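Everything below concerns the one structure shown next.
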Amino acid sequence: MPTGGDRLKLVAALRERLGDRAAPVLETALLQERARGRIPEGWLLTGDAAEQATAAPVAAHRARRLAGRDVHDVTCSVGAELAALRGVAGRVLGSDLDPVRLAMARVNVPGVPLVRADALAPCSRDTVLVADPARRTAAGRRTWRPADFAPPLDDLAAVALGDRSADTDAECLRRHFADTPDHDLVVSTAPGLDPALVPWAQEVEIVSLDGRVREAALWSAGLARTSRRATVLSSRGADVEVTDAEDDACPVAPAGEWIVDPDGAVVRAGLVRQYGARHGLWRLDEHLAYLSGDAPPPGIRAFRVLEHGRYGEKTLRRTLAARGVGRLEILVRGLDVDPNALRPRLKLAGPHEATVVLARLASGPEAYVCEAAAPGRS
């Protein structure tokens with residue numbers, strides 16, 4: 001998409017050629033640019049749909065877990081999940097309450113049956129229900145309360161799973177309990193959601209893509225394979241899964257040659273010990289996510305330790321000056337240190353670059369001066 005003067009020329013040309021249709025055409029082009037890499041190119045979108053749409057690799061991962069099952073996406077929006085499910089799952093159905101998004105989905109995923117329907121009144125039988133509830137209030141604020149999702153997550157679980165203990169008073173639930181069979185359910189939601197708020201979820205899967213944590217997937221009993229799972233997806237194809245069923249024997253010991261910063265999905269899923277045990281690593285401290293070892297696992301960010309000692313700002317400044325460090329990355333765990341405020345006080349100067357890891361250990365604050373290695377290299 002052009003910028004500056006070129007964009008102004010494009011807008012003028014579109015207005016001359018398309019008249020009143022220029023604005024929606026331009027808006028669609030801008031939304032497609034913003035969603036590039038997350039959904040297929042050329043799709044019809046709305047602003048909210050572009051923001052909420054599941055990234056294509058994440059949707060494809062979920063579809064693989066549902067291979068062969070009949071699936072009903074009850075919040076299908078413009079069709080991101082449907083595109084991944086088509087050809088992988090058994091029969092696929094999409095529904096939504098928004099007629100505009102449904103019309104877009106008909107263009108984006110032709111051939112998939114679509115119907116306008118409320119997620120709290122599923123129009124399918126014996127299917128896996130897939131849902132991605134909106135997580136913003138009417139005022140546009142992000143919410144972490146499942147009851148404030150649209151549709152409310154408790155109500156959705158009650159309808160799908162026949163869970164009468166869910167906290168709901170919706171009249172539609174009472175109407176549909178008698179004649180709606182139980183379904184399996186998988187919900188895409190924010191990775192920060194407290195699992196205690198969704199007791200029906202028998203598996204909580206934290207999913208990241210290219211180093212960025214994208215979502216928590218909540219799987220009902222009929223779909224769960226373990227209690228906690230971290231799924232690390234990569235555009236390079238080196239996907240990794242870690243579960244709570246694995247060995248978690250990961251001792252605490254002083255730093256070795258490398259410090260390893262596990263992927264955010266592993267950290268948020270509470271599976272650092274399992275990940276460390278798998279790769280022969282150890283923890284720097286019981287309460288920190290940093291691991292250490294003699295060699296880093298493939299495809300993960302790691303830092304070769306050059307020297308370390310008790311953290312003090314003056315001591316760190318002298319160490320960096322002696323090494324001629326002029327460019328510095330600062331990573332902090334467990335200490336009240338603002339890297340952006342600390343960096344100018346260190347008076348960096350020189351041709352070299354480094355990474356400093358500041359961590360509060362049981363023995364006190366420690367500073368590790370390191371050189372970073374790109375993922376997969378040592």
Can you run phi through the Karplus equation (6.51, -1.76, 1.60; θ = phi - 60°) for segment 96-113 and list ³J(HN,Hα) in whole Hz, with x for Gly and Pro? 6, 8, 8, x, 5, 5, 4, 4, 5, 4, 4, 7, 6, 10, x, x, 8, x
When Rg is the radius of gyration of the Cα atoms in segment 258-373 and Rh is its Kirkwood radius, what does Rg/Rh come to? 0.97
Scalar couplings 3J(HN,Hα) for segment 255-264 by Karplus 6.51 cos²θ - 1.76 cosθ + 1.60 (θ = phi - 60°), nearest whole Hz, x for Gly and Pro, are 4, x, 6, 10, 10, 10, 9, x, 4, x
Bridge type composition, segment 252-378 - antiparallel percent by DSSP, nearest 5: 70 percent
13 Å cut-off, amide nitrogen to a point 7 angstrom out along residue 321 Cα→Cβ, residues in segment 331-372: 345-350
With θ set to phi - 60° and the Karplus curve 6.51 cos²θ - 1.76 cosθ + 1.60, what are the ³J(HN,Hα) couplings of segment 183-189 in order, to the nearest whole Hz, using x for Gly and Pro? 10, 8, 9, 10, 10, 8, 8
How do 73-84, 190-201, 123-134 rank on mean C-beta neighbours within 10 Å, highest first? 73-84, 123-134, 190-201
Starting with the fewest neighbours, write out 250, 370 ranked by other beta-carbon atoms found within 10 Å of each beta-carbon. 250, 370
Between segment 180-240 and segment 61-92, what is the separation of their alpha carbon centroids in Å? 15 Å
Quick check: Cα centre of segment 301-378 to Cα centre of segment 94-129, how many Å? 52 Å
Most exposed first by the Cβ proxy, i.e. fewest other Cβ within 10 Å, how do 72, 183 rank? 183, 72
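We did not get these values from a lab; they are worked out from the coordinates using the rules stated. Quick caveat, the model's predicted, so the values are computed rather than measured. Glycine gets a Cβ as well: all are built from the backbone with ideal geometry, and neighbour counts include every protein chain shown.
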